[in-house]
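See structure below.
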Amino acid sequence: MSLTSTDNAIAGRKASSLAVAGTCPDSLLRAVRAEVSRGLDWQRTADCVAGMLRHNLPDPAVILPARLRRGDPACYQSHLLYAEPDGSFSIAAMVWLPGQETVIHDHVAWCVTGVLQGREYEEVFALTDDGRALRLAARNVNPPGAVCGFAPPGDIHRVRNTGDGVAISMHVYGADISRLGTSIRREYTLPTRS
């Protein structure tokens, strides 16, 4: 299987993703903590956190200062908002200018995303040809208020801002990205099939 490490691809973002750059409402932290503490499997935890987040999406201005909500022409930005001291979850805000996208990747743990502003387009992939290629499995257009949760192994995807303005989303991870530097486990450079 042809995969690339994220160490080189995200080296420039690791340093900025380690320090807390914004804030997270206490009520949201308590709600995520309550769901995570239930000790469910990864997919059920992601589903429960997603259900809770649908009713608790904050305004981008509450979690990030104006200078971080503008985006960066170099690439999309990930800003750490909170990391639980025991390492069980962390929360980040992603800021995307129009046309910015991730590489095709998967994650180290479960993840829940909620779009706060703008529009994100997601392509979901599945391994095929005995792991030698990727098959496009789904396409999702996620407007403000859209929330989804997923867990490995069904978490191979690519996300981009297809809107005309800045997109901002909240990401809750079942891992401590302040220690890991990223939630990405692998980047996929395999051929893709429709």
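Quick grid of which residues meet (1) of a type in the set (G, A, S); (2) touching a strand residue (DSSP E or B) at 6+ places or on another chain (Cβ under 6 Å); (3) modelled with pLDDT of 95 or more; (4) open to solvent by less than 60 Å² (accessible area, probe 1.4 Å):
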residue: N8; (1), (2), (3), (4): no, no, no, no
residue: E35; (1), (2), (3), (4): no, no, yes, yes
residue: D47; (1), (2), (3), (4): no, yes, yes, no
residue: G51; (1), (2), (3), (4): yes, no, yes, yes
residue: R70; (1), (2), (3), (4): no, no, yes, no
residue: E84; (1), (2), (3), (4): no, no, yes, yes
residue: A93; (1), (2), (3), (4): yes, yes, yes, yes
residue: L97; (1), (2), (3), (4): no, no, yes, yes
residue: I104; (1), (2), (3), (4): no, yes, yes, yes
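In summary, A15 fulfils each of the numbered conditions (1) of a type outside the set (D, E); (2) modelled with pLDDT under 95; (3) under 18 Å from T182 (Cα atoms); (4) in a loop (DSSP other than H, G, I, E, B) with the single exception of condition (4). Being surrounded by fewer than 16 Cβ atoms within 10 Å (Cβ to Cβ) and at pLDDT below 95 is the requirement here; does A21 meet it? For A21, the condition - surrounded by fewer than 16 Cβ atoms within 10 Å (Cβ to Cβ) and at pLDDT below 95 - is not met.
The values are calculated or read from the model by the stated rules, or taken from the named source; none is laboratory data. Here the structure is a predicted model, which is why all the values come from computation and not from measurement. Using ideal geometry, Cβ is built from the backbone for each residue, glycine included, and neighbour counts are taken over all protein chains shown. Please note that ligands, DNA and RNA were not included when accessible areas were found on the heavy atoms of the full protein model with its side chains. Shrake-Rupley method; radii C 1.70, N 1.55, O 1.52, S 1.80 Å.
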